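A quick write-up on the structure given underneath.
No lab work stands behind these numbers, since they all come straight from the coordinates. What you see is a predicted model, and the numbers here were worked out from it, not measured in a lab. When we count neighbours, we look across all protein chains shown, and the Cβ atoms used for this are built from the backbone with ideal geometry, even at glycine.
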Amino acid sequence: MKNKIVTFINRENLLKRGEKVIVACSGGADSIFLLHILCHLGYDCIAAHCNFHLRGEESDRDENFVKEFCKKENIELTIKSFDTTAYAKENKQSIEMAARELRYNWFEEVRKKFNASAIAVAHHSDDSIETILLNLLRGTGLKGICGIRPKNGYVVRPLLCVSRLEIEKYLKEHNIQYITDSTNLENEYTRNKIRNIVMPILREINPQIDSIMLSNAENFSAAENIYRTIIEKEKSSAITITDDSYIIDLKAINRFSEPFTLLYECLKDFSFHPATIKTMLTAEGNTTFKTGKHVAHKIKGKIIVTVRS
């Protein structure tokens, strides 16, 4: 188990010896295992716990458990409390999205404070499979079926090489305690339905589904890298950027084998709906398209995007 994780960390260049690493620790099985294993592998870990105050006494129970665990293991700990409900309302976000934003913004603050080289989070292979299925249900491009990446900026995921079952087995064998978030057992959220209902059915249909999904994700990731290389090359020949405009040459777009795909990639950061982007390709004459922050003018074979005044 340890050797598998060490090999994965080294192969993906996730962590370096002698440099501090911030370890997100909720108190659940995955994060307790991550904190335990990284410390035992000799990394200089600082635990970071978020209290979102969303589950009443259970939220405080989690915080107290992490405090006791870190005290027992002599691990430095930093804790942050959030009024997640108020933040979500103020920013017109779902509770889930608000908690994610608060969590990762604070982790980055902690990383800078301690001059750490990475923020380690406890996503494992089951999480990656669930993410693929979730993205397929929502509608996704190639990137969405590549699973969770081992590294995203300073955020690293050393446990993507192991499963939830392996983690729970290790904790049981080594008599390491953890707490369970009661909401993980509920099926109100789509991810929980995939975890608790869909995946058991898929494993019944094909006991090898986990390894098949992970193998597919690797293949899709390789294909996505090729796709991204080609797209970026084509975009560079189609786009001109000035001080106040983003100009797309439609002649260059239409020379590409898949014009809509290329135009979508050129415009996706401006929040234009895919149906609107299709219309841009076929609309005749001078036309204008708007989003909340940007306006696109189709003029003489070009699309000129500017900020709305």
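Structural remarks
- Annotation for LYS169 and MET1: the two label points, set 7 Å from Cα along the Cα-Cβ direction, are 0.9 nm apart.
- The share of Cα pairs per 5 Å bin across the range 11-63, counted from zero up to the longest distance, runs 4, 18, 24, 21, 14, 8, 6, 3, 0 percent.
- Cross-link table LYS80/LYS172; LYS2/LYS151; LYS268/LYS293; LYS89/LYS143; LYS20/LYS151, entries beyond 21 Å C-alpha to C-alpha: LYS80/LYS172; LYS89/LYS143
- Local net charge near GLU234, Cβ-Cβ under 10 Å (Lys/Arg +1, Asp/Glu -1): 0
- For the chain, the longest principal axis of the Cα atoms and the long axis of helix 125-138 meet at an angle of about 30 degrees.
- When peptides 64-77, 204-217 are sorted by average Cβ neighbour count within 10 Å, with the highest value leading, the order is 64-77, 204-217.
- Relative to the dominant Cα principal axis of the chain, helix 95-113 is inclined by about 70°.
- Cα gyration tensor, the range 1-149 - rounded (a/c under 1.5), prolate or oblate: oblate
- Calculated log₁₀ intensity ratio I(q)/I(0) where the Debye formula runs over C-alpha points of the chain, q = 0.15 Å⁻¹: -1.25
- Whole-number percent relative contact order across the range 192-273, with pairs defined as alpha carbons under 8 Å at least 6 apart: 17 percent
- Here the spin labels are modelled as points 7 Å beyond Cα on the Cα-Cβ line, and at GLU57 and ASN91 they lie 3.1 nm apart.
- Footprinting exposure proxy for LYS268, LYS302 (fewest neighbouring C-beta atoms within 10 Å first): LYS268, LYS302
- Rel. contact order, % - alpha carbon contacts under 8 angstrom, at least six apart, the range 242-307: 38 percent
- Relative contact order (percent, whole number), the range 2-215, Cα cutoff 8 Å, 6+ residue spacing: 24 percent
- D_trans [Stokes-Einstein, Kirkwood Rh over alpha-carbon pairs] for the range 62-202, 10 °C, 1.306 mPa s, µm² s⁻¹: 91 µm²/s
- Remark: LEU171, LEU14 ranked as LEU171, LEU14, counting other beta-carbon atoms within 10 Å and listing the fewest first.
- Mean Cβ neighbour count within 10 Å, used as a protection proxy, ranking 110-121, 23-34 highest first: 23-34, 110-121
- J(HN,Hα) series, the range 49-55, from Karplus relation 6.51 cos²θ - 1.76 cosθ + 1.60, nearest Hz, glycine and proline x: 10, 9, 10, 8, 6, 10, 10
- Helix 164-173 and the long axis of the chain differ in direction by around 10°, with both axes built from C-alpha atoms.
- The range 242-307 - Kirkwood radius from inverse mean 1/r over Cα pairs (Å): 11.8 Å
- In the chain, helices alone account for a calculated mean residue ellipticity at 222 nm of -15500 deg cm²/dmol, with every DSSP H run of four or more residues adding -39,500 (n - 2.57).
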